[in-house]
Amino acid sequence: MSKNAQEGNRLLSLGERVRENPHTILLSIPILGFAIIWLKLVRDREGQAAGYGHLGLTFKLLYKHHWKNKLLQTIAYDLFSKAVDLATGDGRPTIILKMAQISGEQGNWKKAKDEVARALLLAKQIGDDSQYAYLLAHLGRIKIMLDDMPGAKSDLENSLKNLTAITQKESTMRLQVWMSTPEMILSEWYLAASNLRADGHRKDQARTSIG
C-alpha cells in the first residue's frame, strides 16, 4: 500500500471513530467525503469502496437515531450501491444486505428479498459459508414480512444449523453474534405464527357466530 493510500485509510479510521459519537456523527460526513476524494485521486479503488460504505452507514445511523427523513435513507442506499460497484473484497454481500435492510424499512419487501438473494449468490460464489448462513437468516426475516412462513422457518433453521456447525470448528466473536441472528428471528417467527393462528381462530369464531 502506498503512503498516499495509507493517509486515505487514516482519514477513514478517523471518520469511523468520529461517527461512533452521537455528538460528532455529523463531522464524519466531511471527513469521510474528503477521504473518498483523496483515495480516488490516488486510485485506491478498495479504499474508495470502504469510504462509500462508511459514509452510507453514517446516513443510515442518522436516519435510525436522529431524523426520520427518507432522504437520508436514499442517500445511504446510493452510497452502499457505489461501495458494491467499486469493491472486490469479501464484504460485498454484507453491503448488499444493508441495501436490503433499507428497502425493507421503506416497506419494499419484494425488493429486499431480491437484494438478499443477490447477496446470497455472491457469498456462494466467494465461498464464504458463514456469511451465506448469516444472510439466510435475514432472508428468513424478509419472508416473515411477506407471509411466507414455511419458507421463513426453513431458511432460519438452515441458517442456525449451518452457523452452529461452523462455530464448532471456529468460534469467533463475529460468528457468535451472527449465530444469535437466526435464534432471535426464529423467536419472531414463532410469535408471528402464534398471532396468525390466533387471527384464524377469531375468524372461525366469527363465522360460527354469524352462521
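Quick check on residue 83: is it surrounded by 14 or more Cβ atoms within 10 Å (Cβ to Cβ), assigned by TED's automatic domain parsing to the domain that holds residue 45 and touching a Phe, Trp or Tyr at 6+ places or on another chain (Cβ under 6 Å)? Write out each step before concluding.
Working: surrounded by 14 or more Cβ atoms within 10 Å (Cβ to Cβ): yes; assigned by TED's automatic domain parsing to the domain that holds residue 45: yes; touching a Phe, Trp or Tyr at 6+ places or on another chain (Cβ under 6 Å): yes.
When the stated conditions are applied, residue 83 passes them.
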- Task: For residues that are of a type in the set (A, V, I, L, M, F, W, C) and out of contact with any Leu (no Cβ under 7 Å at 6 or more places or on another chain), scanning just region 118-135, find the one that is farthest from residue 88 (Cα to Cα).
- Result: 121
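Going by what's in this entry, would residue 46 be described as in a helix (DSSP H, G or I), at pLDDT below 95 and closer than 26 Å to residue 132 by Cβ? Break it down stepwise before answering.
Working: in a helix (DSSP H, G or I): yes; at pLDDT below 95: yes; closer than 26 Å to residue 132 by Cβ: yes.
So residue 46 passes the test.
Filter region 10-42 for residues that are among the β-branched types (Val, Ile, Thr) and farther than 20 Å from residue 66 by Cα; which is nearest to the chain's Cα centre (by Cα)? Explain how you work it out, then say what you get.
Keep residues of region 10-42 that are among the β-branched types (Val, Ile, Thr), which gives 18, 24-25, 29, 31, 36-37, 42.
Those still in the list that are farther than 20 Å from residue 66 by Cα too: 36-37, 42.
Values: 36: 22, 37: 25, 42: 29 Å.
So the residue we want is 36.
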- Message: Cβ-Cβ distance below 7 Å, separation of 6 or more or different chains: which pairs start in region 69-86 with a residue that is more than 11 Å from residue 53 (Cα to Cα) and end on one that is in a helix (DSSP H, G or I)?
- Response: 69/63; 72/59; 72/62; 72/63; 73/63; 73/102; 73/105; 75/59
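Answer with yes or no whether residue 157 is acidic (Asp, Glu) and either in the same structural domain as residue 26 (by TED's automatic domain parsing) or modelled with pLDDT under 95 (or both).
Working: acidic (Asp, Glu): yes; either in the same structural domain as residue 26 (by TED's automatic domain parsing) or modelled with pLDDT under 95 (or both): no.
No.
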- Message: Just the residues that are among the hydrophobic types (A, V, I, L, M, F, W, C) and surrounded by fewer than 22 Cβ atoms within 10 Å (Cβ to Cβ), please, taken from region 87-96.
- Response: 87
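For region 19-30, give me the residue count where each residue is under 27 Å from residue 93 (Cβ atoms) and surrounded by 13 or more Cβ atoms within 10 Å (Cβ to Cβ).
Of region 19-30, the ones under 27 Å from residue 93 (Cβ atoms) are 19-20, 25, 28-29.
Then drop every residue that is not surrounded by 13 or more Cβ atoms within 10 Å (Cβ to Cβ), which leaves 19, 25, 28-29.
Qualifying residue count for the region: 4.
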- Message: Out of the residues in region 56-79 meeting the condition of being surrounded by 20 or more Cβ atoms within 10 Å (Cβ to Cβ) and touching a Phe, Trp or Tyr at 6+ places or on another chain (Cβ under 7 Å), tell me which one is farthest from residue 30 (Cα to Cα).
- Response: 73
- Can you name the condition, by its number, that residue 11 falls short on among (1) within 24 Å of residue 100 (Cβ to Cβ); (2) crowded, with 20+ Cβ neighbours inside 10 Å? (1)
- Quick one: residue 163 ticks every box in (1) surrounded by fewer than 22 Cβ atoms within 10 Å (Cβ to Cβ); (2) within 30 Å of residue 13 (Cβ to Cβ) bar one, so which box is it? (1)
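Taking the condition of a type in the set (A, V, I, L, M, F, W, C), under 21 Å from residue 163 (Cβ atoms) and without any contact (Cβ under 8 Å) to a residue 12 or more places away in the chain, does residue 121 pass? Walk me through it before giving the result.
On the way: of a type in the set (A, V, I, L, M, F, W, C): yes; under 21 Å from residue 163 (Cβ atoms): yes; without any contact (Cβ under 8 Å) to a residue 12 or more places away in the chain: yes.
Criteria met by residue 121.
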- Task: May I ask you to list the residues in region 90-111 that are more than 28 Å from residue 26 (Cβ to Cβ) and touching a residue at least 12 places away in the same chain (Cβ under 8 Å)?
- Result: 90, 93, 109, 110
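The values are calculated or read from the model by the stated rules, or taken from the named source; none is laboratory data. No experiment lies behind these values; they were computed from the predicted model shown. Cβ coordinates were reconstructed from backbone atoms using ideal geometry, including for glycine residues, and neighbour counts include every protein chain displayed.
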